[in-house]
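Novice: Right, I'll just put the structure down here and ask away after.
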Amino acid sequence: MKPKTLSLLASILLFALIALCLAWETVIAPLRPGGSWMTLKVLPLMAAMFGILKGKRYTYQWSSMMVLLYVTEGVIRTNDAAPGNALALAEAIMSCVFFVVVVLYARNTAPSRLAAQAQASSDT
């Protein structure tokens, strides 16, 4: 996949993950009625948003590690009562897909790969 496509996909997944986490913890199935401090879990995602939108490779690298926390939370909370279990599964799946996309983006935009591609295109 091209880096532009991966960047767009990562941005969409990150927006969706933020929306899911906020809706889950405030309205759909909060841990406490009326919402809880768990809404703060979107702050690391929002911190990554600016770098993801700008296509900063470093942000893609560290967000690939950070999103594993959301995979873990999603897997652990699949034992919640409905509808929390479905939301947890959605969070785990979206986080896994986001992980794969950001790793592919970081891999495809590595300076060594870009130099090799530039050299290959100049040789032809």
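Every number here is computed from the coordinates shown, using simple stated rules; none is lab data. Quick caveat: nothing in here was measured; it's all calculated off a predicted structure. Don't worry about glycine lacking a Cβ; one is built from the backbone with ideal geometry, like all the others, and counts go over all protein chains shown.
Novice: Per residue of the chain, what 222 nm ellipticity follows from adding -39500 (n - 2.57) for every DSSP H run with n ≥ 4, rounded to the nearest 500?
Specialist: Here the helix-only value at 222 nm equals -25000 deg cm²/dmol.
Novice: Along the charge dipole of region 3-123, Cβ charges K/R +1 and D/E -1, which of THR59, THR5, ALA110 sits furthest on the positive end?
Specialist: Positive-end residue among those listed: ALA110.
Novice: Lysines near LYS2 by alpha-carbon distance under 17 Å, same-chain residues fewer than 8 away left out - which ones?
Specialist: Excluding near neighbours in sequence, the set is LYS54, LYS56.
Novice: A follow-up question, please. DSSP loop chymotrypsin sites (Phe, Trp or Tyr not before Pro) in region 69-124 with at most 13 other Cβ atoms within 10 Å of their Cβ, which ones?
Specialist: none
Novice: Now a separate question. Given the C-alpha centroids of region 4-19 and region 51-124, what is the distance between them in whole angstrom?
Specialist: Between the Cα centre of region 4-19 and that of region 51-124, the gap is 9 Å.
Novice: Same structure, new question: If you place +1 on the Cβ of every Lys and Arg and -1 on the Cβ of every Asp and Glu, how big does the dipole about the Cα centre of the chain come out, in debye to the nearest 20?
Specialist: In debye, rounded to 20, the chain gives about 380.
Novice: Pulled fully out, how much extra length does the chain show between ALA86 and GLN117, if you take 0.36 nm times their separation in residues and subtract their Cα-Cα distance?
Specialist: So the extension gain works out to 6.9 nm.
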